[in-house]
1. Could you please state, rounded to a whole Å, how far the C-alpha centre of the stretch B:59-93 is from the C-alpha centre of the stretch A:130-154?
2. Determine the shielding of peptide A:18-26 by partner chains: average, over its residues, the number of Cβ atoms on other chains within 10 angstrom of each Cβ.
3. If amide hydrogens are placed 1.01 Å from N in the peptide plane, which non-local residues have theirs closer than 5 Å to the one on residue A:107?
4. Roll a 1.4 angstrom probe over the protein heavy atoms and tell me the percent of accessible area of the protein assembly as shown that is carbon or sulfur.
5. Apply the Karplus parameterisation 6.51 cos²θ - 1.76 cosθ + 1.60, with θ equal to phi minus 60°, to every residue of the stretch A:112-127 and state each ³J(HN,Hα) to the nearest whole Hz, in sequence, with x for glycine and proline.
6. With a 1.4 Å probe, how much accessible area is buried between chains B and A, both sides summed, in Å² to the nearest hundred?
7. So, by mean Cβ neighbours within 10 angstrom, what's the order for A:61-68, A:99-106 with the highest one leading?
8. Along each principal axis of its Cα atoms, how long is the protein assembly as shown end to end? Whole angstroms, biggest number first, please.
Protein chains: 2
Amino acid sequence: MQKEGSIVGNHSENLLFLTDDQIRQGIEALYFSYRAFTSDPDLILQDINYGRAHHRALYFINREPGLTVTALLDVLRVTKQSLNRVLRTLIEDGLVDSRVGRRDRRERLLFLTEKGQELERRLSEPQRARVRSAYRNAGPQAVAGFRQVLESMMDRDTLRQFHAMRDDAQQ
Amino acid sequence: MQKEGSIVGNHSENLLFLTDDQIRQGIEALYFSYRAFTSDPDLILQDINYGRAHHRALYFINREPGLTVTALLDVLRVTKQSLNRVLRTLIEDGLVDSRVGRRDRRERLLFLTEKGQELERRLSEPQRARVRSAYRNAGPQAVAGFRQVLESMMDRDTLRQFHAMRDDAQQ
DNA sequence: ATTGGAAAGTCAACAAGTCTGACGTAATAA
DNA sequence: TTATTACGTCAGACTTGTTGACTTTCCAAT
């Protein structure tokens, strides 16, 4: 195609990291590592007859105490019927406290009870340990790249959610 | 603790990338990006009344034509009963061809039909496009870090599976 | 050569978790 | 007052996971 110069399609650096094989390996790495990532809490959840949905709910309620059901629906992207079943069991089991909103009394503000916080920690700590260990093992440069690629994979709306979470942690 | 020198706990570089906040952001990035990653095929699957399990089966059969049910079970880590149901529908619908093994006639060797290959491509191509675009956007250094962190998150057995797949692609 | 156990795969029944659709109630907004 | 919003619930369906029981095939020890 081109008479002379660098390899076709390359600008300044070579583009070997964009070969089909590299893409495939990236996809498989994502699949296998995500499964590993969820395996620890999954084992605990199985024992207590809960599912991943319970963990996710506990996680985000702990993340932002007092968030409303609608806000949680927005984060989780499930139907309210589906979330409701999960929330009901969590409330019945004394892990989540649902309080009527002061500002708007139609809203339910969700909080973790002491017991709820304890389970949330027990479920999430193995994941934190896994990520911490992977980070330590890979080093700060690799971690920066990891984050960069993950963010680039999100669509606009998901990225918005992600940044919103990141931002309200600063307060 | 230490009389003099760098900040406590730091070796040569600082360890700010290991703060709780960084770990938390990593976990959330993983959650949100994985959901984005699966969203494209999920939409297609919904239309044809298939689920993610069907995509996974198609993916790995395409990846290694002629693999046995047992081999597929090992990769997917589900019960054979669960896989069987998915395989049955794929075979009935003419997407997968199951041939009795020549070497061992208890085995079933799995292949994609032309139609199966077509659907697999349709499901996986959006994911490849997403990863390719993210890779291009983030650059080769970031990609290396991405891969390094993901691999560090896998447990021994998963890592073995991942490397086995990587290796038999070289042939 | 026979046979008894193990391995590969299938079928049936059940549980969990997701979805859609419809409806009811209470509170807020127009 | 009326329309809209937030939340909860019931019913029915589907996917995907499970366990248990079964058939067919292979292999190895006798």
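1. Taking the Cα centre of the stretch A:130-154 as reference, the centre of the stretch B:59-93 is 32 Å away.
2. Counting other chains' Cβ atoms within 10 Å and averaging over A:18-26 gives 6.
3. A:101
4. Working: 9450 of 19600 Å².
Whole-percent figure for carbon plus sulfur exposure: 48.
5. 8, 6, 4, 4, x, 4, 5, 5, 4, 4, 4, 6, 7, 4, x, 5
6. Values: alone 12820 and 12850 Å², together 19600 Å².
For B against A, buried area totals roughly 6100 Å².
7. Numbers: A:61-68: 17.0, A:99-106: 9.1.
Top of the packing list down: A:61-68, A:99-106.
8. 66, 53, 38
The values are calculated or read from the model by the stated rules, or taken from the named source; none is laboratory data. What you see is a predicted model; the values in this text were computed from it and never measured. Positions of Cβ are generated from backbone atoms using ideal geometry, with glycine treated the same way; all protein chains shown enter the neighbour counts. In case anyone asks, the SASA skips ligands and DNA or RNA and just uses the protein heavy atoms, side chains included. Shrake-Rupley method; radii C 1.70, N 1.55, O 1.52, S 1.80 Å.
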